[in-house]
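Step one of this worksheet: look at the structure below.
The values are calculated or read from the model by the stated rules, or taken from the named source; none is laboratory data. What you see is a predicted model, and the numbers here were worked out from it, not measured in a lab. In this analysis, Cβ positions are derived from the backbone assuming ideal geometry, glycine residues included, and neighbour counts consider all displayed protein chains. Keep in mind that these areas ignore ligands, DNA and RNA; they rest on the heavy atoms of the full protein, side chains included. Shrake-Rupley method; radii C 1.70, N 1.55, O 1.52, S 1.80 Å.
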Amino acid sequence: MNKFNKLNDKNSKLIKIFTKIPTLETPRLIMRRLRVNDYKDMYEYSRLESVTRYLLWSPHKDEEYTYRYLEHVQDDYRAGEFYDWALVYKEHDKMIGTCGFTRFDLNNTSAEIGYVLNPYYWGVGLAPEAVSEVIRYGFEELKLNRIEARYIYGNNRSRHVMEKCGMTFEGMFRSQILNKNEYKDVGVCSILSREYLNNKETELKKL
């Protein structure tokens, strides 16, 4: 099998997986497919400037906008081109954010992750809990070699999540993106498969 065919094979497998995105579970979260009827819970946080300040998108203007967005997401799921999980907080049975892969580089067996969380649930470790599960899935199920995450300069809360999940800060790219009419510096953190396995082995030894 040549390199082109191998890449097509990897892409086909990825599409097959995310067409029917698997449900994941952590101690406090159910991670499932986003649904159109999540629109009220999503709008609750996606309308806030405090949430979108360091993101590439602007606050949702009304519930109908969020509803239409989630309708569009269903098409992307069906095409196997959307890689986000809805985060459902078990205790409240409420969708409180999303976490997943923003892009894949199949040539190099790597991916980038992203996440957003309702600010009511900030500061209690739910973001690291979700990100750690996506990292686990990426390495153990998708057999990735590298997983990275990016944040806009100033978003120290997001960098803290990355580092809490075992990621290493690699550096800051100056004026890397033009976002909301301003050039923004972007920081990158990453974790490699071998580092993930070493961390897992260390944790098991502590038990």
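Annotation note: Cβ proximity below 9 Å between a residue of region 46-58 that is closer than 12 Å to residue 115 by Cα and a residue that is part of a loop (DSSP other than H, G, I, E, B) and hydroxyl-bearing (Ser, Thr, Tyr) (sequence gap 6+ or interchain) occurs for 52/58; 54/153. The set of residues in region 170-196 that are modelled with pLDDT of 95 or more, out of contact with any Asp or Glu (no Cβ under 7 Å at 6 or more places or on another chain) and surrounded by fewer than 13 Cβ atoms within 10 Å (Cβ to Cβ) comprises 170, 171, 178, 182, 183, 194.
When residue 88 is tested against the conditions (1) within 18 Å of residue 23 (Cβ to Cβ); (2) part of a helix (DSSP H, G or I); (3) among the aliphatic types (A, V, I, L, M), the lone failure is (2). When residue 139 is tested against (1) open to solvent by 50 Å² or more (accessible area, probe 1.4 Å); (2) modelled with pLDDT of 95 or more, only condition (1) is not met.
Yes/no per residue for (1) touching a residue at least 12 places away in the same chain (Cβ under 8 Å); (2) open to solvent by less than 60 Å² (accessible area, probe 1.4 Å); (3) part of a loop (DSSP other than H, G, I, E, B); (4) more than 14 Å from residue 166 (Cα to Cα):
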residue: 124; (1), (2), (3), (4): no, no, yes, yes
residue: 130; (1), (2), (3), (4): yes, yes, no, no
residue: 134; (1), (2), (3), (4): yes, yes, no, no
residue: 143; (1), (2), (3), (4): yes, no, yes, yes
residue: 147; (1), (2), (3), (4): yes, yes, no, no
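Within region 5-36, the set of residues being closer than 16 Å to residue 84 by Cα, open to solvent by 30 Å² or more (accessible area, probe 1.4 Å) and not in a strand (DSSP E or B) comprises 15, 16, 17, 19, 20, 22, 23, 33, 35, 36. Looking only at residues of region 152-169 that are without any contact (Cβ under 8 Å) to a residue 24 or more places away in the chain and outside any strand (DSSP E or B), we find that the one that is surrounded by the most Cβ atoms within 10 Å (Cβ to Cβ) is 160. The set of residues in region 64-122 being of a type in the set (Val, Ile, Thr), closer than 17 Å to residue 39 by Cα and either open to solvent by 80 Å² or more (accessible area, probe 1.4 Å) or in contact with a Leu (Cβ under 9 Å, 6 or more places away or on another chain) (or both) consists of 73, 88, 96, 98, 116.
Kindly evaluate residue 191 against the criterion of being in contact (Cβ under 8 Å) with a residue 40 or more places away in the chain, over 30 Å from residue 13 (Cβ atoms), among the β-branched types (Val, Ile, Thr) and not in a loop (DSSP other than H, G, I, E, B). Considered against the rule, which asks whether it is in contact (Cβ under 8 Å) with a residue 40 or more places away in the chain, over 30 Å from residue 13 (Cβ atoms), among the β-branched types (Val, Ile, Thr) and not in a loop (DSSP other than H, G, I, E, B), residue 191 comes out as no. Residue pairs whose Cβ atoms lie under 6 Å apart, sitting 6 or more positions apart in sequence or on different chains, and linking a residue in region 80-93 that is without any contact (Cβ under 8 Å) to a residue 60 or more places away in the chain to a partner that is among the basic types (Lys, Arg) and in a strand (DSSP E or B), are 86/32.
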